[in-house]
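Student: One structure coming up, written as structure tokens, with questions to follow.
No lab work stands behind these numbers, since they all come straight from the coordinates. Keep in mind that what you see is a predicted model, and the values were worked out from it rather than measured. Glycine also receives a Cβ, built like all others from the backbone with ideal geometry; neighbour counts cover every protein chain displayed.
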Amino acid sequence: MSPTAVIAEGAVEKLIKNDKVRWWNKPNLRSLYLCLVPFCLFIESTSGFDSSMMNGMQALVYWKEYFDYPKGGKLGLLVACYNLGALTSIPFISLLSDHVGRRWSIIVGSVIMMIGAVLQGLSINLPMFVMARIFLGHGIVYAIVGGAALLGELGHPKERAFLGAMFNAFYGIGGVLGAGIVVRTILIPNDWSWRLPSFLQALPSVLQIVFAFTVPESPRWLISKGRNDEALNILIKYHAEGDASQELPHVEYAEIKQALEMENDSRRRGWAEMFQTAGMRRRSLLGAMLGLFTQFSGNNLISQYLVPILVKIGIKDSYTQVRYNIGTQAWGFVIGILMASITPRFPRRKMFLLCSISLLGVYTAWTIAQARNRITGTKESGYAVLVMIFLYSPAYCLGYNALTYVYLVEIFPYYVRTKGISWFQMFGRAASMFGSFVNPIGLENADWKYLIVYVCWLCFEVIFIYFFFPETIGKTLEELTFCKSTACSRTFDMRRTNPPPPTVFEGEEKQKELAATAQKVLDHPNITEVHEVPEKKA
């Protein structure tokens with residue numbers, strides 16, 4: 001193999017292309033992925049449980065009586081305090097995850113969420129309920145950031161994108177559980193109709209703690225801490241099924257170590273490194289906008305305020321409302337899993353574009369249908385609104401559900417990865433909290449006209465993605481750190497009939513150096529000794 005070929009295609013890509021064995025036929029990798037399901041993938045189930053549970057509680061008579069029939073701003077506070085708690089954790093996430101590891105970040109977040117769920121179930125007044133939800137929100141982000149990073153850094157290169165896509169898809173499991181539990185507890189003729197779902201919100205966190213030490217730590221985190229032999233052994237065990245003579249784990253190890261050294265040479269410390277170069281500033285802009293896009297594209301209307309929408313189109317029976325709630329959640333889960341299995345195979349930028357354009361079409365039709373319903377009051381227009389609500393899920397899952405964490409792990413280098421995902425979370429949670437406050441007020445006062453706000457915002461999303469989102473498919477995480485390939489480096493030219501994706505990465509010389517390191521491993525006569533490279537600089 002010539003060095004030129006390696007630089008053009010990438011050593012890791014060439015090696016995994018020749019690997020025809022599927023992951024379920026590899027015992028070590030199969031056991032790893034099965035343990036990652038309860039430990040990492042179920043993290044987002046807590047968020048799904050919370051959204052669908054709070055949606056369903058708005059139909060529970062005893063919950064409404066206990067909290068004095070909340071609506072408008074008061075209802076917005078009860079829903080939004082979850083995201084308020086998430087915002088309070090942002091300054092501490094990268095400190096925890098980068099210093100004690102991805103696993104302990106998930107464990108700490110899970111313990112905090114368990115405390116929040118218990119407090120929520122024991123609430124005796126509105127302030128206690130609000131504080132309990134702030135606890136829940138504070139804990140979830142530790143687990144999300146640690147889990148997303150661990151999936152991307154531990155998974156086999158062949159399945160890395162698939163695992164990242166499934167991370168958000170498991171939101172639907174929590175959504176179905178939360179909605180289904182409320183369907184049954186609505187029949188309980190006392191306060192346990194809402195206290196029981198509150199306690200059960202701790203279940204995903206219990207799973208994460210039980211399975212915490214069945215999963216190894218991130219090899220990249222271990223190398224960053226000088227624990228090189230542990231990292232190499234993990235790569236050999238899971239990416240080569242314990243065969244130290246295979247090239248893949250050694251090439252990965254050499255790339256990771258070299259990339260971390262090059263990153264560490266030029267980086268600043270703290271949050272300043274998020275803005276230290278033009279490339280990092282572009283990454284930060286992408287992370288911030290993706291946070292806004294994923295949480296302010298109208299999805300919160302369905303996930304948190306479906307009941308008020310159903311009331312407006314004439315569906316006022318509480319039992320019917322909670323059944324529609326579980327129906328939308330189950331549909332969203334099925335579509336989320338399906339899209340997570342398909343979408344990562346296609347270019348990221350094209351799928352984000354298709355997602356935003358589809359959402360724009362759905363929301364435009366939804367606005368028209370709801371306007372006709374309010375004007376004419378016909379059942380047909382109400383059914384059209386329901387159709388648009390169900391069509392929203394496949395449109396959203398095309399990009400924002402399936403690719404968000406895949407893309408975030410790809411665009412942010414190791415040393416800023418947890419900061420980058422935390423940065424994304426800050427903007428996403430702020431957008432969600434803003435929407436949680438504003439949505440019930442907008443629906444109550446502006447009615448169907450409020451939907452026009454989202455139509456206009458979705459137009460902006462399409463334009464931004466077209467001009468600013470780079471393509472990242474087909475590269476390892478280390479190669480993307482210094483990417484300057486033809487897939488992501490050419491600048492946009494208005495005169496081109498088929499303009500290429502915009503650039504976000506920098507460092508062509510460093511990319512060549514990284515490729516040369518990989519080639520050196522492939523050419524080395526004794527593959528078991530190639531991990532003896534210089535120690536990381538202080």
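Student: How much FRET efficiency would the formula 1/(1 + (r/R0)^6) give for ILE188 and THR88, where r is the Cβ-Cβ distance and R0 is 41 Å, rounded to 0.05?
Tutor: Computed FRET efficiency for ILE188 and THR88 comes out at 0.80.
Student: Whole Å is fine, so just give me how far the alpha carbon centre of the stretch 28-72 lies from that of the stretch 396-452.
Tutor: Result: 17 Å between the Cα centres.
Student: Can you compute log10 of I(q)/I(0) for the stretch 10-215 with the Debye formula, treating each Cα as one identical point scatterer, at q = 0.09, 0.14 Å⁻¹?
Tutor: -0.39, -0.81
Student: Which pairs, out of LYS20/LYS225; LYS74/LYS312; LYS257/LYS350; LYS20/LYS475; LYS350/LYS449, put more than 25 Å between their alpha-carbon atoms?
Tutor: LYS20/LYS225; LYS257/LYS350; LYS350/LYS449
Student: Please report the net charge: other residues with Cβ closer than 14 Å to the Cβ of PRO344, K and R +1, D and E -1.
Tutor: Residues near PRO344 contribute +4 overall.
Student: Just need log10 I(q)/I(0) for the stretch 150-298 at q = 0.13, 0.15, 0.16, 0.17 Å⁻¹, Debye formula, equal scatterers on the alpha-carbon atoms, no solvent, rounded to two decimals.
Tutor: After summing over all Cα pairs, the log10 values are -0.89, -1.04, -1.10, -1.15.
Student: Roughly how compact is the stretch 278-363, stated as its Cα Rg over 2.2 N^0.38 Å to two decimals?
Tutor: Scaled against compact globular proteins, the figure is 1.39.
Student: Let me ask another. For the chain, which semi-axes, largest first and in whole Å, follow from the square roots of 5 times the eigenvalues of its Cα gyration tensor? Before the final figure, lay out each step's value.
Tutor: Details: eigenvalues 354, 135, 76 Å².
Semi-axes from the Cα gyration tensor: 42, 26, 19 Å.
Student: Now for a different question. What translational diffusion coefficient, in µm²/s and rounded to a whole number, does the Stokes-Einstein relation yield for the stretch 20-122 at 20 °C and a viscosity of 1.002 mPa s, taking the hydrodynamic radius as the Kirkwood radius over Cα pairs?
Tutor: Estimated via Stokes-Einstein, D reaches 128 µm²/s.
Student: Next question, about the same structure. What base-10 log of the normalised intensity I(q)/I(0) is obtained for the stretch 271-483 from the Debye formula, alpha carbons as equal point scatterers, at q = 0.08, 0.09, 0.12, 0.15 Å⁻¹?
Tutor: -0.31, -0.39, -0.66, -0.96
Student: Count charges around LEU29 for me, please; just the other residues with Cβ under 10 Å from its Cβ, Lys/Arg as +1, Asp/Glu as -1. Please list the in-between numbers first.
Tutor: Working: positive: ARG22, LYS26, ARG30, LYS158, LYS237; negative: GLU159, GLU241.
For residues surrounding LEU29, the net value is +3.
Student: To the nearest 500 deg cm²/dmol, what mean residue ellipticity at 222 nm is calculated for the chain from DSSP H runs of n ≥ 4 alone, each contributing -39,500 (n - 2.57), summed and divided by the residues?
Tutor: -23500 deg cm²/dmol
Student: When the Cα centres of the stretch 137-168 and the stretch 97-116 are compared, how far apart do they sit, in Å?
Tutor: If you average the Cα positions of each part, the centres end up 14 Å apart.
Student: Something else now. Can you pull out the trypsin sites (Lys or Arg not before Pro) in the stretch 57-142 that DSSP calls coil and that have at most 15 other Cβ atoms within 10 Å?
Tutor: Within the stretch 57-142, the qualifying trypsin sites (Lys or Arg not before Pro) (loop, at most 15 other Cβ atoms within 10 Å) are LYS71.
Student: Give me Rg over Rh for the stretch 37-91, both radii from the alpha carbons and Rh done the Kirkwood way, two decimal places.
Tutor: Rg divided by Rh gives 1.07.
Student: Out of the trypsin sites (Lys or Arg not before Pro) in the stretch 307-395, which ones are loop residues according to DSSP with at most 14 other C-beta atoms within 10 Å?
Tutor: Values: sites: LYS312, LYS316, ARG323, ARG345, ARG348, ARG349, LYS350, ARG372, ARG374, LYS379; in loops: LYS316.
Here the trypsin sites (Lys or Arg not before Pro) that fit, given the DSSP loop and packing criteria, are LYS316.
Student: While we're on this one: If you average the sequence gap of Cα pairs under 8 Å that are 6 or more apart and divide by the length of the chain, what percent do you get for the contact order? Mind showing how you got there, number by number?
Tutor: On the way: 897 pairs, mean separation 124.5, N = 538.
The normalised contact order for the chain reaches 23 percent.
Student: Kyte-Doolittle cut-off 1.0, length cut-off 20 Å along the helix's own axis using Cα: show which whole DSSP H helices in the chain pass.
Tutor: Helix filter hits for the chain: 73-100, 102-121, 126-154, 171-185, 451-468.
Student: Continuing with the same structure: Note down the net charge around TYR238, summing +1 for each Lys or Arg and -1 for each Asp or Glu among other residues with Cβ under 14 Å from its Cβ.
Tutor: -2
Student: Expected output is a single nm value to one decimal: the length gained when fully extending between TYR69 and VAL387, i.e. 0.36 nm times separation in residues minus the C-alpha distance. What is it?
Tutor: On the way: separation 318, 0.36 × 318 = 114.48 nm, distance 2.90 nm.
Stretched fully, the TYR69-VAL387 segment lengthens by 111.6 nm.
Student: Sequence gap at least 6, Cα distance under 8 Å: using those rules, report the relative contact order of the stretch 10-215 to the nearest whole percent. Walk me through the numbers before you get to the answer.
Tutor: Numbers: 299 pairs, mean separation 78.3, N = 206.
Relative contact order, the stretch 10-215: 38 percent.
Student: How are the C-alpha pair distances of the stretch 331-400 spread across 10 Å bins, as whole percents from the shortest bin up?
Tutor: Over the stretch 331-400, the share of Cα pairs per 10 Å bin runs 22, 41, 25, 11, 1 percent.
Student: Would you please calculate the Kirkwood hydrodynamic radius of the stretch 142-208 over all C-alpha pairs and express it in Å, rounded to one decimal?
Tutor: Averaging 1/r across every pair of different Cα atoms and inverting gives 14.0 Å.
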